[in-house]
Amino acid sequence: MSEPKTPTPTPAGDTYKGWVFKWTNYIKGYQRRWFVLSNGLLSYYRTQAEMGHTCRGTINLATATITVDDACNFVISNGGAQTYHLKASCEVERQRWITALELAKAKAARMQPESDDSGDDFPPSSAPVAPGQGGGSQNSEVQSALRTLGSKVEDLSTCNDLISKHGSALQRSLSELDSLRLTGEAGDKIRQVTERATLFRITSNAMINACRDFLALAQAHSKRWQKALQAEREQRVRLEETLEQLAKQHNHLERAFRGAAQANATADNKSAAGPGKGEASDEDDDNEFFDAMEEAPEFITVPADPQFHKRSSSNISGFNSEMCPDDQSLNEEPLAMNQESPSQELVPLKTRRTRIPDKPNYSLNLWSIMKNCIGKELSKIPMPVNFNEPISMLQRLSEDLEYHELLDKAAKCQSSLEQMCYVAAFSVSSYSTTVYRTGKPFNPLLGETFELDRRRESGYRSLCEQVSHHPPAAAHHVISDRGWTLRQEITVASKFRGKYLSIMPLGTIHAIFEKGNNHYTWKKVTTTVHNIIVGKLWIDQSGEIDVVNHTTGDRCHLKFAPYSYFSRDVARKVTGVVMDKDGKAHYVLSGTWDEKMEFSRVMQSSRGGENGTEGKQKTVYQTLKAREVWRRNPLPDGAETMYYFTALALTLNEPEEGVAPTDSRRRPDQRLMEDGRWDEANAEKQRLEEKQRSARREREREAASQRTSSQSEEAVDEDSLTDPSLKSKYPSFSLFYSHLLKLLIYPHLSSLCTCSFFSNTFFLLSFRCTS
């Protein structure tokens with residue numbers, strides 16, 4: 001009774017809601033359910049969202065019994081047909097539910113016999129007192145208010161009965177304690193508690209009597225209130241009519257005044273040979289429009305608090321102006337790739353395709369695949385294109401540039417911490433294309449390349465190369481005219497866990513900005529493909545990313561929360577904190593990797609809140625209002641029939657002139673699959689893979705023979721492995737050939753070294769030829 005504001009059910013449709021644990025069975029035990037107490041009925045649902053359509057059970061409290069088991073458990077039963085074993089989170093919550101249930105039960109038992117004659121309480125007041133003036137409705141409103149007051153008093157009376165009941169039980173318990181042999185101090189305490197309980201019961205009885213007196217007084221003065229209310233309503237109607245007439249007169253006088261002023265102005269213009277008829281008609285139109293606007297204003301605008309804007313602009317150091325002053329200009333370059341060369345500004349951009357042939361609806365015959373695998377090694381089993389999508393892994397890597405504008409904005413940032421927010425958002429945005437993309441990209445052949453030239457549209461040029469086949473490794477390099485460079489060396493490790501497949505990208509991604517010479521690095525998280533054997537495939541991203549600025553020491557720690565059936569957080573959630581080299585937090589990032597990311601500036605941080613999993617206190621950040629830094633672009637129309645490709649992915653395999661012979665766009669099996677000729681694509685894919693295996697076996701034989709010839713030598717001289725004449729004539733070729741022989745002789749060298757050498761050599765040759 002020390003909490004007078006405890007929410008108890010009230011009449012007239014008021015409800016009492018909350019979470020209570022309900023016993024289900026011996027396997028699941030107590031499960032959390034949403035209970036609703038309304039109009040004498042106790043219903044429960046699994047979640048709050050089910051309230052509108054699915055009720056899991058309802059019990060009528062008018063005939064139910066309520067018993068208490070222990071501190072938190074209680075049972076509700078209606079005689080055997082329905083029994084709810086419930087458990088509250090604490091003893092206080094259980095007592096609130098018990099009080100609410102007893103009140104609802106008393107009210108339901110009281111309303112059941114009164115439901116037949118509830119409309120005959122005030123028969124004379126239902127007739128209209130003054131037709132046309134709303135007297136009957138006012139009378140009914142007053143009587144309804146009186147009935148509500150009466151119901152409230154009855155509820156208070158029920159509370160008084162409960163208080164008397166529990167008070168009597170308390171006094172009996174205290175009397176029993178008093179009869180025992182206790183010390184003098186304990187006896188004094190018991191007598192003191194007894195006196196207070198008696199005083200409390202007397203006070204509650206006085207409160208009930210006062211409420212009954214108030215009800216009687218309200219009934220006695222109901223007619224006086226009704227007459228006063230009727231007079232006030234009539235007065236208000238008369239004032240509204242008068243105000244309407246004054247408004248019409250004012251509008252009429254204003255129009256007349258403007259008409260006279262316009263006539264005088266027209267006469268003056270004619271005498272002075274002023275503007276012609278057309279301009280006068282324009283002025284008349286403006287006046288009419290002004291009248292229409294002033295006739296019925298719907299809202300009033302007031303200036304915002306200038307101190308708030310001043311404080312916000314000082315705290316957030318210019319994400320719109322100072323950090324990226326030319327954000328709008330990033331999307332307003334429709335014609336030229338280089339603004340410094342005016343002669344190219346009028347060159348029209350190439351029109352890219354927006355559709356590819358629809359995905360055929362071919363049924364997958366597993367038996368036809370399995371019978372072709374009998375007697376073959378696991379590494380030589382050809383996988384059909386039914387599991388693929390018509391792009392290669394190199395093109396899939398180039399899809400990371402879908403949101404290259406984040407790096408464009410980061411290149412214009414004044415602060416490295418603000419730049420870190422955009423780089424972190426870019427690292428998250430690369431996963432937004434994987435939500436519905438359950439198809440597997442084509443494995444690139446050794447030496448396969450992919451060039452993506454978007455200098456005119458977006459100011460960057462990308463180049464990928466498959467530099468190793470076993471293990472598969474690719475090198476990716478991007479150069480932008482807008483002040484940034486991106487490179488990555490990626491290889492993939494996978495683990496099959498029965499129900500799901502985990503794909504762990506290995507390698508580091510580097511982003512370097514010319515302005516400030518900031519060098520960022522990060523790695524990719526683990527991608528998990530679920531329901532490999534049975535069910536619908538779906539993809540999840542989980543793990544942690546550390547984006548590090550090696551120039552300033554700034555760091556951003558991003559956490560990708562894995563999907564959990566029991567979690568109440570948003571699915572695909574990503575959180576992160578941007579900190580300087582001293583560990584002080586400056587920004588908080590939050591969002592989802594498939595939808596959007598937001599940032600908030602940290603104003604103050606402190607230790608507190610709930611304890612973490614390891615018993616440590618969590619850090620509480622006080623931040624400003626969150627602002628959006630990245631949002632996923634919508635998919636093109638009909639994307640579900642085009643492998644859920646984005647607008648950029650639709651253009652990656654588009655045929656282009658002038659690309660290298662090793663470009664992924666020239667792969668015949670990939671092209672056949674895109675055209676819908678899957679049977680021919682499977683045959684061509686098998687032919688290319690067998691050809692690559694033959695070439696690999698040939699390289700292994702050559703490496704074995706080379707190792708045999710070099711076993712007699714104690715040390716391998718790199719200069720002796722090449723022809724001196726070749727070395728003097730073609731020094732670059734000599735370096736390339738010696739490094740290749742070294743890799744053949746020492747195959748245990750790391751693939752990362754292979755990636756770096758081959759990728760750098762290919763980039764050097766490519767850009768040297770183009771320049």
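The values are calculated or read from the model by the stated rules, or taken from the named source; none is laboratory data. What you see is a predicted model, and the numbers here were worked out from it, not measured in a lab. Note: ideal-geometry Cβ built from the backbone for every residue, glycine included; neighbour counts use all protein chains shown. Quick note on the areas: whole protein, heavy atoms, side chains included, nothing else; ligands and nucleic acids left out. Shrake-Rupley method; radii C 1.70, N 1.55, O 1.52, S 1.80 Å.
With the Cα gyration tensor of segment 409-455 giving a ≥ b ≥ c as the square roots of its eigenvalues, does the rule (a/c under 1.5 for rounded; else a/b larger than b/c for prolate; else oblate) give rounded, prolate or oblate?
Details: a/c = 3.33, a/b = 1.75, b/c = 1.91.
Here segment 409-455 falls in the oblate category.
Would you list Tyr565, Tyr362, Tyr84 from the most to the least accessible area, probe 1.4 Å? Don't skip to the end; give the middle numbers.
Values: Tyr565 180, Tyr362 115, Tyr84 15 Å².
Result of the area sort, largest leading: Tyr565, Tyr362, Tyr84.
How big is the charge dipole of segment 576-697 about its Cα centre, in debye rounded to the nearest 20, if each Lys and Arg gets +1 on its Cβ and each Asp and Glu gets -1 on its Cβ? Present the calculation step by step, with values, prior to reporting the outcome.
On the way: 22 positive and 22 negative charges, 158 e Å.
Around 760 debye, computed over segment 576-697.
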In a shell of Cβ-Cβ distance under 10 Å around Arg627, excluding Arg627 itself, what net charge do Lys and Arg (+1) and Asp and Glu (-1) give? 0
In whole angstrom, the spacing between the Cα centers of segment 631-703 and segment 194-230 equals 85 Å
Leaving out ligands and nucleic acids, note down the accessible area per residue over segment 15-110 with a 1.4 angstrom probe, in whole Å². 51 Å²
Out of residues 5 or more away from Asn388 or on other chains, whose amide H comes under 5 Å of its own, with H placed 1.01 Å from N in the peptide plane? Lys440
Farthest toward the dipole's positive end in segment 25-111, which of Met51, Gly79, Asn39, given Cβ charges of +1 (Lys, Arg) and -1 (Asp, Glu) about the Cα centre? Met51
So how do 505-511, 442-448 stack up, highest first, on mean other-Cβ count within 10 Å? 442-448, 505-511
Under the Karplus relation with 6.51, -1.76 and 1.60 and θ = phi - 60°, whole-Hz ³J(HN,Hα) for segment 562-572, x at Gly and Pro, equal x, 5, 9, 5, 8, 7, 9, 6, 5, 5, 6
Give me the dipole magnitude in Debye, nearest 20, for segment 15-110 about the Cα centre, with unit charges on the beta carbon: positive for Lys and Arg, negative for Asp and Glu. 240 debye
For the peptides 16-26, 548-558, what is the packing order when you average, over each peptide's residues, the other Cβ atoms within 10 Å and list the highest mean first? 548-558, 16-26
Quote to one decimal, in nm, the extra length available between Tyr362 and Leu624 on full extension: 0.36 nm per residue of separation minus the C-alpha distance between them. 89.1 nm
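Within 10 Å of each candidate Cβ there may be at most 15 other Cβ atoms; applying that plus a DSSP loop requirement, which trypsin sites (Lys or Arg not before Pro) in segment 30-103 survive?
Working: sites: Arg32, Arg33, Arg46, Arg56, Lys87, Arg94, Arg96; in loops: Arg46, Arg56.
Listed in order of number, the matching sites are Arg46, Arg56.
Return a whole-number percent for the relative contact order of segment 15-110, with Cα pairs under 8 Å and 6 or more residues apart as the contact set.
24 percent
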